[in-house]
Each structure stands twice: as structure tokens, then as C-alpha cells.
Amino acid sequence: MKTILFWDIDGTLINSGGAGRLALTRAAGEMGGRTVDLSSLTMAGLTDWAISAQILERMDLSPEPVNITMLLDLYQKHLPASLLESRGDVIQGILEILQALQGRDDVLSLLLTGNIEPGAWMKLSRYGLDVYFSGGGFCDGTFERNAIARQALAVARHKVGAVNLDRCYVIGDTPHDVRCGQSIGVKTIAIASQRYSFDDLTACDSWLVWESFPDPARFMAEIEPHGLPVA
């Protein structure tokens, strides 16, 4: 029985340096024909569809699917250049953990992200992390992270067959990640950040909360009751 890790992207795997906000600002400007200030817009933990709906409302446009799709198509067009211009990086400790997990036949790493799928792969590819994942749940046509969690779990079952929920973990950095993991009955690991503190995430009843990612040996030791052996 495999251990399944469902990874969030922004704030968990990478810090894109504001590339997503920049690409959405450019997309909104192109779509509406005027500059739209998104500096105060809360995005952490929300799906691209939910974020797009808020942007459209600021533009006095209806947040209906056709408009959301149009905005996100423009976002995809602007994202590659925005990623190159922004000063982002991989979250400390992540690369070492992913490298340690790579090639193990007892662990499967999937994505569980509010990003639309093309945007998710663009972000991961920019930082060389795309090679560590084999699909997952993405925000394509939905506002709710819980729906994405169900999609990711279905992908895991398709890939490995029987899934033991007690060996499945959602790893993220916001209360939204914790709640979506709880919605599918799996364990949650929350990583504290400037936006959501250790205490904030503990208050959400996350199964485990870390101030930052530990070294690979400790990571593997803590995510299973008896520890994952270091390969």
C-alpha cells in the first residue's frame, strides 16, 4: 500500500514572487482595456476560478464561466513572461525532500492545487519541479478546493488501485488546504508562513503543523506512524 502525498503549489512548493498576480493583472488589463489594481486582492488558498470571479467583479463584469475562461486564457498567455520577470524561488527544504522521494516505489506524489492545470505546470517547470509529480487535482472549471481534493483522490485511486486514507496526506500552507484535506478524510500537514502562522494552522486542527519543512529524514519519519524508511 503506497503513501500518497497531495501537494499544494504556491506557498508550499514555490514562492513565485508574485508572478501569478502580475499575470492576472496583465490579463485583466487586456480583457477590460484598462489597468486593474489587484494589489489588495486576497489569493492565498483560493482557486484560480474563485480569484478570477473576484477580479471580474472589480471590472464590473459578470463572473460567469465564459468570462472566467476568457480571463484565464489571457492569464496563461502572460504567465510565462511574468514568471521570468518575478524573483521567485523554491520553498526551503522542498527540493531535498522531493529528491529523496523520487524513485521510491512506496510513495506517490501528486498535486492538489487551486491552479488551473496549464498554469500549475508552467510554475513547476519554471523552478524545475515538474519532474517530481505525475498529475493530480487542478482548478479546471470549479470554485471549490474540496472538489479538487476529490479529483486528486480519484487520480490516486486510478494510479494505484486501493488507497488507504490513513496513508494519504494533503500538504499545504493555508486553512483552505487543511479543510480540503479534511473533506476527503485524509491527514493534513500545514506549513506556517507570514500569512498563516503556526497558531493559525493549529487552530484549523491540522494533523501536523510545521514552522518550516524539516530535512528529508525527519519528514519521512513523521509522516507515517512508524516512519518511512530512508531509501
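The values are calculated or read from the model by the stated rules, or taken from the named source; none is laboratory data. Since the structure is predicted, the reported quantities are computational estimates derived from the model, not experimental observations. No Cβ is skipped: glycine too gets one built from the backbone with ideal geometry, and neighbour counts run over all protein chains shown.
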- Message: Please verify whether Val36 is outside the structural domain of Leu129 (by TED's automatic domain parsing), among the hydrophobic types (A, V, I, L, M, F, W, C) and out of contact with any helix residue (DSSP H, G or I) (no Cβ under 7 Å at 6 or more places or on another chain), treating the condition exactly as stated.
- Response: no
Going through (1) surrounded by 15 or more Cβ atoms within 10 Å (Cβ to Cβ); (2) assigned to a helix (DSSP H, G or I) one by one, Thr188 fails only at (2)
Being in a loop (DSSP other than H, G, I, E, B) and without any contact (Cβ under 8 Å) to a residue 40 or more places away in the chain narrows Gln182, Gln194 down to just Gln194
Exactly one of Ser183, Ser197 is more than 15 Å from Ile97 (Cβ to Cβ), at pLDDT below 95, polar (S, T, N, Q) and out of contact with any Cys (no Cβ under 6 Å at 6 or more places or on another chain), and that residue is Ser197
It is to be established whether one or more residues within the range 127-137 are among the polar types (S, T, N, Q) and modelled with pLDDT under 95. yes
Inside the range 1-55, the number of residues satisfying the requirement of being among the aromatic types (Phe, Trp, Tyr) and either closer than 21 Å to Ser212 by Cα or at pLDDT 95 or above (or both) is 2
Flag for Ala190 being closer than 29 Å to Gly18 by Cα, among the hydrophobic types (A, V, I, L, M, F, W, C) and at pLDDT 95 or above: yes
Looking across the range 58-75 at residues that are part of a helix (DSSP H, G or I) and aliphatic (A, V, I, L, M), the single one that is farthest from Glu144 (Cα to Cα) is Leu74
In the range 10-57, residues that are assigned to a loop (DSSP other than H, G, I, E, B), closer than 21 Å to Asp173 by Cβ and in contact with a Gly (Cβ under 9 Å, 6 or more places away or on another chain) total 10
Of all helices (runs of 4 or more DSSP H) fully inside the range 76-175, the set with 2 or more residues that are of a type in the set (Gly, Ala, Ser) and assigned by TED's automatic domain parsing to the domain that holds Ala192 is 117-126, 145-160
Counting only residues in the range 200-216 that are in contact with a helix residue (DSSP H, G or I) (Cβ under 9 Å, 6 or more places away or on another chain) and loosely packed, with under 15 Cβ neighbours inside 10 Å, the one farthest from Pro175 (Cα to Cα) is identified as Asp215
